[in-house]
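Worksheet: the structure to be examined is printed underneath.
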Amino acid sequence: MRARYGIPLGITAAGAAGLLYAAGFEARSFRLRRVTVPVLPSGMRPLRVLQVSDIHMVGGQRKKQRWLRSLAGLRPDFVINTGDNLSDPEGVPEVLDALGPLMEFPGAYVFGSNDYYGPKLRNPARYLVERIQGRHGLNGNPPAVGAIHNPWEDLRDGFDAAGWLNLTNTRGTLKIEGTSIELTGLDDPHIKRDRYAEVAGGPSGSADFSMGVVHAPYLRVLDSFTADGYPLVLAGHTHGGQLCIPFYGALVTNCDLDTDRVKGLSTHTSEGRTSYLHVSAGCGTNRYTPVRFACPPEATLLTLVGRD
């Protein structure tokens, strides 16, 4: 009996333990990533940018809400929210409450697909299939049918009322102690809402520093930002792979970005130019897959310093 059933039972027990760890501990083990990026013009004072992403708020997530509120203690120069704030149509009040202290600082935002549409239950193996087939979101897949519409307008109105810039296929400028920061944003490429032609042309030259902001780091978007001369692009969406293999890394990115750049700071090259790319692993999960493994939830404090 031991020879016949010992290994299967052992594998089952290990799998159950891993699932309990991924859902009960790591998915709620919030971290702060700190990154220094040499992108500012020489002589410009450092800037501290807090990036929050992929909150995927579901009602009752008190620990996540407390942690988000605590980030205001970092006193960033400004905040960038790279989308997917919701995973529950009723989650808008809790998102606005959790981000309330951060909205006391200058900031800007773009939306992700889950701000517009509620998640649907799906087989996680489909992400692997879509990666192999090169199909992600609405990029190569048929349009979604029967999607739940989230109250994104309420979320937008709350951010706007706090003074955060809406970067939906547009540009905006923040003034930070006399320094002008030009932000160029796109709507979510994952559901083909990006319209780069409306913001093309690169930095205007009138600001002290310019950067790109988008939810999903699709290559067509990164190519455009980089070719146009933006020194830094911030994105989210990937969840850092969410379920990773220790000492190996992510299996999927849920877009056409390679897994080597699924989270953290890297570079991107297009038409002879190179930009820094920071992809946040985010601090939430889809409500139907509330687990993380070897990929803790996070926010990032980026310190931008001079190139030299």
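The values are calculated or read from the model by the stated rules, or taken from the named source; none is laboratory data. Note that the coordinates shown come from a computational prediction; the quantities given were computed from them, not determined experimentally. Note that each Cβ is placed from the backbone with ideal geometry, even for glycine, and that neighbours are counted across all protein chains shown. Heavy atoms of the whole protein, side chains included, go into the accessibility calculation; ligands, DNA and RNA do not. Shrake-Rupley method; radii C 1.70, N 1.55, O 1.52, S 1.80 Å.
Checking each residue in the range 75-117 for being under 15 Å from Cys283 (Cα atoms), out of contact with any Phe, Trp or Tyr (no Cβ under 9 Å at 6 or more places or on another chain) and aliphatic (A, V, I, L, M) picks out only Val95. Quick check: is even one residue across the range 183-204 modelled with pLDDT under 95, out of contact with any Leu (no Cβ under 9 Å at 6 or more places or on another chain) and among the acidic types (Asp, Glu)? No: the range 183-204 contains no residue that is modelled with pLDDT under 95, out of contact with any Leu (no Cβ under 9 Å at 6 or more places or on another chain) and among the acidic types (Asp, Glu). Looking only at residues of the range 267-281 that are touching a strand residue (DSSP E or B) at 6+ places or on another chain (Cβ under 7 Å) and surrounded by fewer than 16 Cβ atoms within 10 Å (Cβ to Cβ), we find that the one that is nearest to Ala216 (Cα to Cα) is Thr267.
Yes or no, residue by residue, for (1) small (Gly, Ala, Ser); (2) out of contact with any Gly (no Cβ under 7 Å at 6 or more places or on another chain); (3) closer than 30 Å to Leu128 by Cα:
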| position | (1), (2), (3) |
| --- | --- |
| Asn141 | no, yes, yes |
| Asp157 | no, yes, no |
| Asn166 | no, yes, no |
| Thr170 | no, no, no |
| Glu177 | no, yes, no |
| Gly185 | yes, yes, yes |
| Pro189 | no, yes, yes |
| Gly236 | yes, no, yes |
| Pro246 | no, yes, yes |
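With respect to being of a type outside the set (Gly, Ala, Ser), within 15 Å of the chain's Cα centre (by Cα) and surrounded by fewer than 19 Cβ atoms within 10 Å (Cβ to Cβ), Arg75 falls outside the description. Taking the range 169-239 as the region of interest, the strands (runs of 3 or more DSSP E) fully inside it that hold 1 or more residues being touching a Lys or Arg at 6+ places or on another chain (Cβ under 7 Å) and of a type outside the set (Lys, Arg) are 179-185. Among residues of the range 54-70 that are small (Gly, Ala, Ser), those with a Cβ under 9 angstrom from a residue that is open to solvent by less than 10 Å² (accessible area, probe 1.4 Å), sequence gap 6+ or separate chain, pair up as Gly59/Gly91.
Would you call Ala98 over 18 Å from Gly236 (Cα atoms), among the aliphatic types (A, V, I, L, M), out of contact with any Ser or Thr (no Cβ under 9 Å at 6 or more places or on another chain) and open to solvent by less than 10 Å² (accessible area, probe 1.4 Å)? Considered against the rule, which asks whether it is over 18 Å from Gly236 (Cα atoms), among the aliphatic types (A, V, I, L, M), out of contact with any Ser or Thr (no Cβ under 9 Å at 6 or more places or on another chain) and open to solvent by less than 10 Å² (accessible area, probe 1.4 Å), Ala98 comes out as yes.
Does Thr269 fit the bill of being part of a strand (DSSP E or B) and farther than 26 Å from Leu32 by Cβ? Explain how you work it out, then say what you get.
Numbers: part of a strand (DSSP E or B): yes; farther than 26 Å from Leu32 by Cβ: yes.
When the stated conditions are applied, Thr269 passes them.
Close Cβ contacts (under 8 Å, 6 or more residues apart or on different chains) running from residues in the range 159-172 that are crowded, with 17+ Cβ neighbours inside 10 Å to residues that are modelled with pLDDT under 95 comprise Arg171/Ser204. For the range 54-66, state whether one or more residues are surrounded by 12 or more Cβ atoms within 10 Å (Cβ to Cβ), closer than 12 Å to Thr300 by Cβ, hydrophobic (A, V, I, L, M, F, W, C) and modelled with pLDDT of 95 or more. The answer is no, given that none of the residues of the range 54-66 is surrounded by 12 or more Cβ atoms within 10 Å (Cβ to Cβ), closer than 12 Å to Thr300 by Cβ, hydrophobic (A, V, I, L, M, F, W, C) and modelled with pLDDT of 95 or more. Checking each residue in the range 241-266 for being touching a Cys at 6+ places or on another chain (Cβ under 9 Å), under 30 Å from Pro41 (Cα atoms) and open to solvent by less than 60 Å² (accessible area, probe 1.4 Å) picks out only Val262.
Can you find a residue in the range 220-235 that is surrounded by fewer than 24 Cβ atoms within 10 Å (Cβ to Cβ), modelled with pLDDT under 95, of a type outside the set (Asp, Glu) and over 15 Å from the mean Cα position of the chain (by Cα)? Within the range 220-235, none of the residues are surrounded by fewer than 24 Cβ atoms within 10 Å (Cβ to Cβ), modelled with pLDDT under 95, of a type outside the set (Asp, Glu) and over 15 Å from the mean Cα position of the chain (by Cα).
Of all residues in the range 196-210, none that is under 14 Å from Leu186 (Cα atoms) and among the polar types (S, T, N, Q) has its Cβ atom under 9 Å from the Cβ atom of a residue that is open to solvent by 30 Å² or more (accessible area, probe 1.4 Å) and assigned to a helix (DSSP H, G or I), 6 or more apart or on another chain. Residues of the range 120-154 that are open to solvent by less than 60 Å² (accessible area, probe 1.4 Å), over 15 Å from Thr259 (Cα atoms) and of a type in the set (Gly, Ala, Ser): Ala125, Gly137, Gly140, Ala147.
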